[in-house]
Structure formats: structure tokens, C-alpha cells
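Asks: Sharing a structure here in C-alpha cells format.
The values are calculated or read from the model by the stated rules, or taken from the named source; none is laboratory data. Remember, it's a predicted structure, so these values are computed and weren't measured experimentally. Heads up, the Cβs are rebuilt from the backbone with ideal geometry, glycines too, and the neighbour counts pull from every protein chain shown.
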Amino acid sequence: MNNTGFTFSRVRDQMIQLLLEMGIKDFRVLDAMSQVPRHIFLDRALWSRAYENRALSIGYKQTISQPYIVAKMTQYLISHTSKRGKVFDRILEIGSGCGYQSAVLSYFAKEVFAVERIKPLVIKSRENLRELKLRNISVKHADGYEGWGVSEKFDGIICAAAPKEYPEDLLEFLEVGGKLVIPVGFENKQKLFVITKASKAEYKEEIYEDVAFVPMLSGTSNGEIK
Ligand code: SAH
């Protein structure tokens, strides 16, 4: 088995086929996901299951998101664009975990800014992304409730952990026209929210499917418990 992902191309194609059957229609998303080797983001013991449509453990009580959810969230984020390639300058990702979603997002923006609160996952994701030679992603050890920490704006924001209510402060970091895609709710009562910044002061809120994300916690952690 080599590390390039070449040996996994058949199961990866099957995963893409399944996403298509499940209703992911944006070929830009399917194309990006067909290029990202998901097994690289997992422990070797999980490689044989890396292309199943399920969340899998990445340690520290966290998971790599289910491929369908990664696809769906990315599809919502770019839904108001139609060009191919890098449709955005800058995307903010909150809760980057092992870096899988960051890798997918790197196909859609000149720069991806990823925030993760658990330090060993920050280190691991940087290694994973370096291995794939994806150089337009910066991963920062920080609390995503504070955005990227400086008052810079983003063309889109994706959050992979669920707050009980969506943090309105995050909308400050969005450019007009951009979307915040975020799961909101408690334990098994979460829904996927898509909030569009229609103008400086107006927002459009859409609520989609039921989802199951890990909770969005405040503060940072050094990851004492694996
Ligand atoms: N995007 C990942 C999913 C990781 S799971 C993927 O591609 O698979 C969600 C992650 O959100 C966890 O790693 C968790 O530590 C992180 N998280 C939770 N609350 C956070 C916060 N306030 N700031 C930053 N990261 C947070």
C-alpha cells in the first residue's frame, strides 16, 4: 500500500457515486472530493473504512465528518457561485479537526483559514495537509468563537461543531453575499443552518436537515485525554 491514495481510487470513486445518488449535484464538490484521499486523515487501523459514508474517530473524542455532510456543507457554501475553480478569496473553517474538510475547501478559495481548539489535532492536521502539499491552508490553535482573531472578513464560513445557538458574532466576519454554514442545537436535536449576509445589516436564515455534530466548546485544550 502506498501513501498517495492511488490504491484507494476505486473505493473513492464508489464514495463519489454514492454522494451523487444521495443528491449531491454540484460537480465542483464531487470533483474536489474525488481528489482528496480521505484515508490520509485517519489512523492506519481505519484505512479500510476510510471511504465509507460515516464519521470515524480521530481521537480526543472527536470525529472526521461524514463525507455526505462535508459535501452538503460545501455545496451550500458555494451555492451562490457558478464559476469553476477558486470561487472565493478566503474561507474560514471552524473546527478543522484532522483537516479533511479544510483540504476539500482548499479547492474553492485562494486561502483557507482553519481554527481548531485541540492542540494535537492542529499539529496532526498540519502534517496531513503538508503531506498532500496543500499549501493554501493555515491552521491555528484557537477558539473559533473568536473567528480568526483579527477583524478580517471572509467570503464564507463553515463550522464543523454545533453551538446551542448560532454565534451572531461570527456574522461580523462575513463579507456581504457570503454564507455561514453551521450546525445548531443540542445533542440529537441539531439542524444545519445556512445564514446569508444579504447586506451589512440583513441576514437570511435557512434551516435544513437534521445533523449530529460534536458540540462547539469555548476555550482551547492541549488535548490531555486522547
Ligand atoms: N472538519 C473536520 C471535523 C472535525 S470534528 C473534518 O473535516 O472532519 C469538529 C472539531 O471542532 C473538533 O476537532 C473539535 O475539537 C472542534 N471544535 C469544537 N469547538 C471548537 C471551537 N470553539 N473552536 C475551534 N474548534 C472547535
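Asks: For segment 8-34, give me each residue that is in a helix (DSSP H, G or I) and exposed (fewer than 14 other Cβ atoms within 10 Å of the Cβ).
Replies: S9, R10, D13, Q14, Q17, L20, E21, F27, D31
Asks: Okay, moving on. Kindly indicate the residue of segment 123-155 that is among the charged types (D, E, K, R) and over 20 Å from Y100 (Cβ atoms) and also surrounded by the fewest Cβ atoms within 10 Å (Cβ to Cβ) among those meeting that condition.
Replies: E152
Asks: Taking the options S82, S106, name whichever one is small (G, A, S) and either near the ligand (Cβ under 8 Å from one of its atoms) or crowded, with 19+ Cβ neighbours inside 10 Å (or both).
Replies: S106
Asks: Here's a follow-up. Return the total of residues in segment 52-75 being surrounded by fewer than 21 Cβ atoms within 10 Å (Cβ to Cβ) and either in contact with a Leu (Cβ under 7 Å, 6 or more places away or on another chain) or not aliphatic (A, V, I, L, M) (or both).
Replies: Residues meeting the conditions: 13.
Asks: Does segment 159-179 hold any residues that are touching a Lys or Arg at 6+ places or on another chain (Cβ under 9 Å) and within 14 Å of the ligand (Cβ to nearest atom), and which are they?
Replies: Of everything in segment 159-179, those that are touching a Lys or Arg at 6+ places or on another chain (Cβ under 9 Å) and within 14 Å of the ligand (Cβ to nearest atom) turn out to be A161, F173.
Asks: In this structure, does K61 turn out to be modelled with pLDDT under 95 and more than 20 Å from K133 (Cα to Cα)?
Replies: Yes: the conditions hold for K61.
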